[in-house]
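The values are calculated or read from the model by the stated rules, or taken from the named source; none is laboratory data. What you see is a predicted model; the values in this text were computed from it and never measured. Every residue, glycine among them, receives a Cβ derived from its backbone with ideal geometry; neighbour counts consider all protein chains shown.
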Amino acid sequence: MTNKWYRAVIVLLFLSLTYVLVGLTSPNMSDTDLGVMNGGLHHPAVELNALIYAVMLYRFASRPQHYLRAVARMSALLPFLAICLLSALWSTDPAHSLLHSTALLIASVVAIMVGADFEIPDIVRMFSIASLFHIILVGCFFVVARSRMYSPSDPLSLKGLTTHKNVFGFEMALAVLAFSMVPFRRLGLLRWPLTAIAMTLLILSRSSGSMVATIGAFCVLPFLFAVRFRGVQRVPLMMLSSLGAILFAVFAFVNQAELPYLFSKDSTLTGRTGLWELVRVAIGQHPLLGYGFDSFWQGLRGDSLNIIVTVGWLVPTAHNGYYDVLLGVGFIGVALFLPAFFQMLARSLRYLSTERGSAGLFPIAFIAFWLIYNLNESALITRSGIPFVLFVAMSVSMAMHQKLTVPYGYPAAGYPDDLHYVGTKLPA
């Protein structure tokens, strides 16, 4: 398979993970909580996904040693994947947990393959291409079928060709980060116009969680610039960054009662605070191992029924990624995931010092965005969403494509000739 065709498959994969393919093939699907609970298989999207994974399987079979080395670089994640699979033994719905944890394992393998084959800028650019296709499709459908672009449950919110306004908001928020930090190689002039378009669509989605997470990710950037420098150059940058963070924290504290209304939320965050109280009680009943991976929310049956009856509305998730992981695999599962997370964070800090372009900022900005977003939505560890796939792919990529360190702020001249180029790779 040529590199061009393989990249096209990865772009299709990203379109699938952002639910654009589902939205295209199921245009009349409801985006209400009831629709989420009762949503069955979307056969055209499933068939296309099967084709994508078949291509990835064929590629794995053609280069097994290469990908097994990549798996070894992500060994810190294996205990967490193991407990997700084993959770079927104590799950309240064993078949459900086994099926979804297997899907998570497959998604992890695909993410590892992407990370093994591409460097960070390439991965981000392929996601950007997928987002650009989506933006173009939204423009076309906005002309010929405008009603399909808005959420049936919230006619003022744009959902694009995805299944829900929050999914669309998440994709556009991530596109803002991607367009602004990793421009296209040949069409660099599109960088800021595309960033502006993605930001406009994010605002039109009225996805408050995505907007807050985007602001948080950009607030991290001054610290990242400061970390890149050495010696006395770092001091004024760190002081300015810290001052800005303190002022933002003071503003948020003084106006904490009004902040939810800035993002079209009431003081209970649209009923989330009451829901979270009940979720914490449920977590306390199975604190160590949880209820089984992805098995707690079963709609009007099982353990979720008590919460739905109490809150008075159909709840498909905890609307908090951290609580959903605790419900699935408990505190032991979270403890097993932390090594992989801190490994990713350490690799991101190293990458920040070796990648002198703006692409070096993306991994940590993504982590900040991902962590903040999951305070209000559930997208921390999902079997079919793009956040977890990007997390794994970028972590593997930074391990497989290590670069020699040349301190930022210092000229490359003066280093030995074989170290002159910052992008020089270490030998395998």
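Please specify each residue of region 81-90 satisfying the condition of being surrounded by fewer than 23 Cβ atoms within 10 Å (Cβ to Cβ) and either part of a helix (DSSP H, G or I) or in contact with a Ser or Thr (Cβ under 7 Å, 6 or more places away or on another chain) (or both).
Leu81, Ala82, Ile83, Leu85, Leu86, Ala88, Leu89
Taking the condition of being under 14 Å from Thr92 (Cα atoms) and without any contact (Cβ under 8 Å) to a residue 24 or more places away in the chain, how many residues in region 301-315 meet it?
We begin by selecting, within region 301-315, every residue under 14 Å from Thr92 (Cα atoms); these are 301-305.
Filter once more, so that each one left must be without any contact (Cβ under 8 Å) to a residue 24 or more places away in the chain: 301, 304-305.
Residues flagged as under 14 Å from Thr92 (Cα atoms) and without any contact (Cβ under 8 Å) to a residue 24 or more places away in the chain within region 301-315 amount to 3.
Is there any pair linking a residue in region 185-209 that is assigned to a helix (DSSP H, G or I) to one that is acidic (Asp, Glu) and buried (at least 20 other Cβ atoms within 10 Å of the Cβ), with Cβ under 7 Å and at least six apart or on different chains, and which?
Filtered contacts from region 185-209: Gly209/Glu377.
For Met172, work out the one condition from (1) within 19 Å of Ile367 (Cα to Cα); (2) free of Cβ contacts under 8 Å to residues at least 40 places away in the same chain it doesn't fulfil.
The failed condition is (2).
Determine whether Val46 is at pLDDT 90 or above and within 19 Å of Arg383 (Cβ to Cβ).
no
How many residues are surrounded by fewer than 24 Cβ atoms within 10 Å (Cβ to Cβ), touching a residue at least 60 places away in the same chain (Cβ under 8 Å) and not hydrophobic (A, V, I, L, M, F, W, C) if we restrict to region 134-144?
Here the count works out to 0.
Quick test for you: out of Arg148, Arg69, Arg59, pick the one residue that is of a type in the set (Lys, Arg), closer than 30 Å to Leu204 by Cα and assigned to a helix (DSSP H, G or I).
Working: Arg69 fails: closer than 30 Å to Leu204 by Cα; Arg59 fails: closer than 30 Å to Leu204 by Cα.
Matching residue, one of Arg148, Arg69, Arg59: Arg148.
For region 178-190, give me each residue that is among the basic types (Lys, Arg) and crowded, with 24+ Cβ neighbours inside 10 Å.
If the condition is that a residue be among the basic types (Lys, Arg) and crowded, with 24+ Cβ neighbours inside 10 Å, then no residue fits.
In region 349-376, what count of residues is obtained for those that are closer than 15 Å to Ile215 by Cβ, of a type outside the set (A, V, I, L, M, F, W, C) and modelled with pLDDT under 90?
1
Of these, Val311, Val329, which one is β-branched (Val, Ile, Thr) and within 23 Å of Val110 (Cβ to Cβ)?
After applying the criteria, what remains is Val329.
Quick one: is Ala82 of a type outside the set (Val, Ile, Thr) and within 24 Å of Phe14 (Cα to Cα)?
Details: of a type outside the set (Val, Ile, Thr): yes; within 24 Å of Phe14 (Cα to Cα): no.
In short, no.
Among the numbered conditions (1) assigned to a helix (DSSP H, G or I); (2) surrounded by fewer than 20 Cβ atoms within 10 Å (Cβ to Cβ), tell me where Gly330 comes up short.
Failing condition for Gly330: (2).
Would you pick out the residues in region 285-300 that are touching a residue at least 60 places away in the same chain (Cβ under 8 Å) and part of a helix (DSSP H, G or I)?
Within region 285-300, none qualify.
Answer yes or no as to whether Ala175 is within 21 Å of Leu345 (Cβ to Cβ), at pLDDT 85 or above and either touching a helix residue (DSSP H, G or I) at 6+ places or on another chain (Cβ under 9 Å) or buried (at least 17 other Cβ atoms within 10 Å of the Cβ) (or both).
no
Select from region 318-327 the residues that are touching a helix residue (DSSP H, G or I) at 6+ places or on another chain (Cβ under 6 Å) and outside any helix (DSSP H, G or I) and write down the one among them that is surrounded by the fewest Cβ atoms within 10 Å (Cβ to Cβ).
His319
So how many residues does region 317-343 have that are hydroxyl-bearing (Ser, Thr, Tyr) and out of contact with any Asp or Glu (no Cβ under 9 Å at 6 or more places or on another chain)?
Total meeting the criteria: 2.
I'd like to verify a number: residues in region 1-25 that are modelled with pLDDT under 85 and part of a helix (DSSP H, G or I), how many?
Summing the residues that are modelled with pLDDT under 85 and part of a helix (DSSP H, G or I) in region 1-25 gives 7.
Quick test of your reading of the structure: Val315 fulfils all but one of (1) part of a helix (DSSP H, G or I); (2) surrounded by 18 or more Cβ atoms within 10 Å (Cβ to Cβ); (3) of a type outside the set (Lys, Arg). Name the failing condition by number.
Of everything listed in (1) part of a helix (DSSP H, G or I); (2) surrounded by 18 or more Cβ atoms within 10 Å (Cβ to Cβ); (3) of a type outside the set (Lys, Arg), Val315 misses just condition (1).
Without any contact (Cβ under 8 Å) to a residue 60 or more places away in the chain, at negative phi, under 23 Å from the mean Cα position of the chain (by Cα) and surrounded by fewer than 20 Cβ atoms within 10 Å (Cβ to Cβ): does that describe Ser75?
yes
Checking the conditions here, which among Ser151, Ser147, Ser131 is surrounded by fewer than 21 Cβ atoms within 10 Å (Cβ to Cβ) and of a type in the set (Gly, Ala, Ser)?
Only one candidate qualifies: Ser147.
Looking at (1) within 30 Å of Pro155 (Cβ to Cβ); (2) modelled with pLDDT of 90 or more; (3) surrounded by 13 or more Cβ atoms within 10 Å (Cβ to Cβ), which is the one condition that is false for Pro193?
Here Pro193 meets the rest and fails (3).
In the set Ser210, Ser205, which member is closer than 25 Å to Phe225 by Cβ, among the polar types (S, T, N, Q) and at pLDDT 85 or above?
That would be Ser210, the only listed residue that is closer than 25 Å to Phe225 by Cβ, among the polar types (S, T, N, Q) and at pLDDT 85 or above.
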